[in-house]
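One structure is given below, encoded as structure tokens.
The values are calculated or read from the model by the stated rules, or taken from the named source; none is laboratory data. On a predicted model such as this, the values are computed, not experimentally measured, just so you know. Every residue, glycine among them, receives a Cβ derived from its backbone with ideal geometry; neighbour counts consider all protein chains shown. The protein model used for the area step is the full one, side chains on, heavy atoms only, and it has no ligands, DNA or RNA in it. Shrake-Rupley method; radii C 1.70, N 1.55, O 1.52, S 1.80 Å.
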Amino acid sequence: MASSKEYLNFILEQLGDLDEITHRSMMGEYIIYYRGRIAAYICDDRLLAKPVEAAKEMMPDAPYEPPYEGAKEMLLVEDVDNKEFLCNLFEKMYEQLPMPKPKKSKRK
């Protein structure tokens with residue numbers, strides 16, 4: 001089941017106090033970037049955060065769920081209605097998020 005634009009827009013609105021929140025569509029789902037780093041996925045109208053230490057500390061009881069079959073498990077963010085919590089979560093996660101991989105050259 002693909003995620004709805006309404007859910008994407010809701011999450012983006014919740015994160016609206018942060019600078020440099022961007023997203024990319026991926027086969028009906030969405031990747032959420034914070035300052036150029038992948039922070040979370042929206043899959044099946046669920047917000048799934050990268051399981052970095054900061055996220056684990058802020059959500060110690062959060063269930064782990066895969067964004068799609070065969071993927072690495074991520075933390076399910078259940079408190080998406082709490083704008084302050086979400087922004088704080090992304091802020092604390094940022095330093096622990098992996099740097100983006102360099103793009104490969106198309107030259108052969």
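Under a model in which nothing but the beta-carbon of Lys, Arg (+1) and Asp, Glu (-1) is charged, the chain shows a dipole of about 1240 debye around its Cα centre. Rounded to the nearest 10 degrees, the angle from helix 83-93 to the longest Cα principal axis of the chain is 50 degrees. With the largest listed first and rounded to whole Å, the semi-axes of the equivalent ellipsoid of the chain from the Cα gyration tensor are 21, 17, 15. Model label sites at LYS92 and ARG35, defined 7 Å from Cα along the beta-carbon direction, differ in position by 1.6 nm.
Placing dummy labels 7 Å off each Cα toward the beta-carbon, the span from SER4 to LYS104 is 3.8 nm. How many percent of the accessible area of the chain is carbon or sulfur, using a 1.4 Å probe? That share works out to 49 percent.
For the chain, the longest principal axis of the alpha carbon atoms and the long axis of helix 5-14 meet at an angle near 70°.
Think of a 1.4 Å ball rolled over the protein heavy atoms: the stretch 1-92 then has 56 Å² of accessible area per residue.
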